[in-house]
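Here the structure comes first, spelled out in structure tokens, and everything after it is commentary.
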Amino acid sequence: MQTISMIDLSHTGIVVGNLEAAMAAYSGVFGCDWAQPNDFQAPLQLRDGMVDHRWRSTYTTAGPHHLELIEQISGRFFDEPGPLRSKAHHVGRWVDDLEEEVARLEGLGFEPVMSTCPRVGEYESCVFLSHPCGGLAIELLDRAIKPRLDEWVAGGPPLSDDVDARGAGDVR
């Protein structure tokens, strides 16, 4: 059995109804600062095919474990927030080999539910997996994008600039 280091946990994603309101609320609770919000629009590969999505997100600037707030603008991957207007959605983890880790988690019963790669069964930058028992999704992040994500969190340009330039979900 492979041991996973808690140091590889990257973030906890929380779906919210209003990004700015949630940033203010969580700042009040945790005293945290936020990176400049990203505005993403990209096709995502879901189980039933490619679907256009638009969402906004930000991370806390302090880490190593960050909070991520996500406001879904269109699409259905993050679903509409429930009665509490927010929900814990996923935990992100850095990995060195996306395909190898996806295969390992599939062996444990997890299923890929979203990838930033438009080609079915291939992965680049990140992939989400869920388990039939429910609970938090797992977002696997290619460690190769960590320097760029760290740059953004420290005040650099938003990651959405990279997506816009490439026309795909890869932020390398």
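Among the residues of the stretch 114-132, those identified as among the small types (Gly, Ala, Ser) and under 12 Å from GLU99 (Cβ atoms) are SER115, GLY121.
Within the stretch 40-65, being closer than 20 Å to SER10 by Cα and not β-branched (Val, Ile, Thr) holds for PHE40, TRP55, ARG56, SER57, TYR59, ALA62, GLY63, PRO64, HIS65.
For the condition crowded, with 16+ Cβ neighbours inside 10 Å and modelled with pLDDT of 90 or more, GLU99 does not qualify. Out of ARG148, ARG143, one residue alone is under 14 Å from the mean Cα position of the chain (by Cα), among the charged types (D, E, K, R) and modelled with pLDDT of 90 or more. It is ARG143. Restricted to the stretch 17-36, and to residues there that are at pLDDT below 85 and aromatic (Phe, Trp, Tyr), the residue that is farthest from PRO118 (Cα to Cα) is PHE30. The set of residues in the stretch 2-36 that are small (Gly, Ala, Ser) and either assigned to a strand (DSSP E or B) or more than 25 Å from VAL95 (Cα to Cα) (or both) comprises SER10, GLY13, GLY17, ALA21, ALA22, ALA24, ALA25, SER27, GLY28, GLY31. Counting only residues that are at pLDDT 85 or above, within 15 Å of ALA21 (Cα to Cα) and either of a type in the set (S, T, N, Q) or not in a strand (DSSP E or B) (or both), the stretch 37-89 holds 4 of them.
Here is a yes/no grid of residues against (1) within 13 Å of the chain's Cα centre (by Cα); (2) more than 30 Å from GLY121 (Cβ to Cβ); (3) surrounded by 14 or more Cβ atoms within 10 Å (Cβ to Cβ); (4) not hydrophobic (A, V, I, L, M, F, W, C):
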site	(1), (2), (3), (4)
ALA24	no, yes, no, no
PHE40	yes, no, yes, no
PRO43	no, no, yes, yes
SER57	yes, no, yes, yes
THR60	no, yes, yes, yes
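On the given criteria, is VAL163 at pLDDT below 90, buried (at least 20 other Cβ atoms within 10 Å of the Cβ) and out of contact with any strand residue (DSSP E or B) (no Cβ under 8 Å at 6 or more places or on another chain)? No.
The values are calculated or read from the model by the stated rules, or taken from the named source; none is laboratory data. In this text, all values refer to a predicted model and were calculated from it rather than measured experimentally. Heads up, the Cβs are rebuilt from the backbone with ideal geometry, glycines too, and the neighbour counts pull from every protein chain shown.
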